[in-house]
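What follows draws every value from the coordinates through simple rules; no lab data is involved. Model, not experiment: these values are computed from the prediction. Cβ coordinates were reconstructed from backbone atoms using ideal geometry, including for glycine residues, and neighbour counts include every protein chain displayed.
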Amino acid sequence: MEFKITTLEDWQKVTDEILPRIKHPLLLLKGNLGAGKTTFTQFLLKKLGSHDDVSSPTYTLVNEYHTPKGNIFHFDLYRLENEEEVYNIGIEEYLDNAFLCIIEWPEVYEDELKDLPHHTLSIINTGGERVINFS
């Protein structure tokens, strides 16, 4: 499923389309710096009924948000260098105890996640627009 975004309002439309299709408790977000991974997460959490302030977990590595459906954990693995560092933050416990885990920059841990049911959202920033692919 592909979307094109040119305005901030388009993020809401994308979220409205994607949310009913999320069937797995794991969402991998891929894209270059500034592509819109955290922006998508902000719109998604709002649509799920969260009143929390959503921000990038770049330095905290994981943020926890509350929704009526359950806790959501938002990871940013950009600064981690290997699977062991990801394991050491307790990712398995988060994965087992969440309504949804959203992982930005999942590549460092992707081999460990490949057998888990998940969705992937890729964002390509072409300058004038963003192209989003959801699977």
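Of all residues in region 33-55, those being part of a loop (DSSP other than H, G, I, E, B), touching a residue at least 24 places away in the same chain (Cβ under 8 Å) and in contact with a strand residue (DSSP E or B) (Cβ under 6 Å, 6 or more places away or on another chain) number 3. Every residue in region 76-96 that is surrounded by 14 or more Cβ atoms within 10 Å (Cβ to Cβ), out of contact with any Pro (no Cβ under 6 Å at 6 or more places or on another chain) and not in a loop (DSSP other than H, G, I, E, B), please. Scanning region 76-96 gives E83, E85, V86, I91, Y94, L95. Considering only residues that are crowded, with 17+ Cβ neighbours inside 10 Å and either within 14 Å of the chain's Cα centre (by Cα) or among the polar types (S, T, N, Q) (or both), which ones fall in region 120-133? Within region 120-133, L121, I123, I132 meet the criteria. Does L116 fit the bill of being touching a residue at least 40 places away in the same chain (Cβ under 8 Å), over 26 Å from T7 (Cβ atoms), loosely packed, with under 15 Cβ neighbours inside 10 Å and aliphatic (A, V, I, L, M)? Yes.
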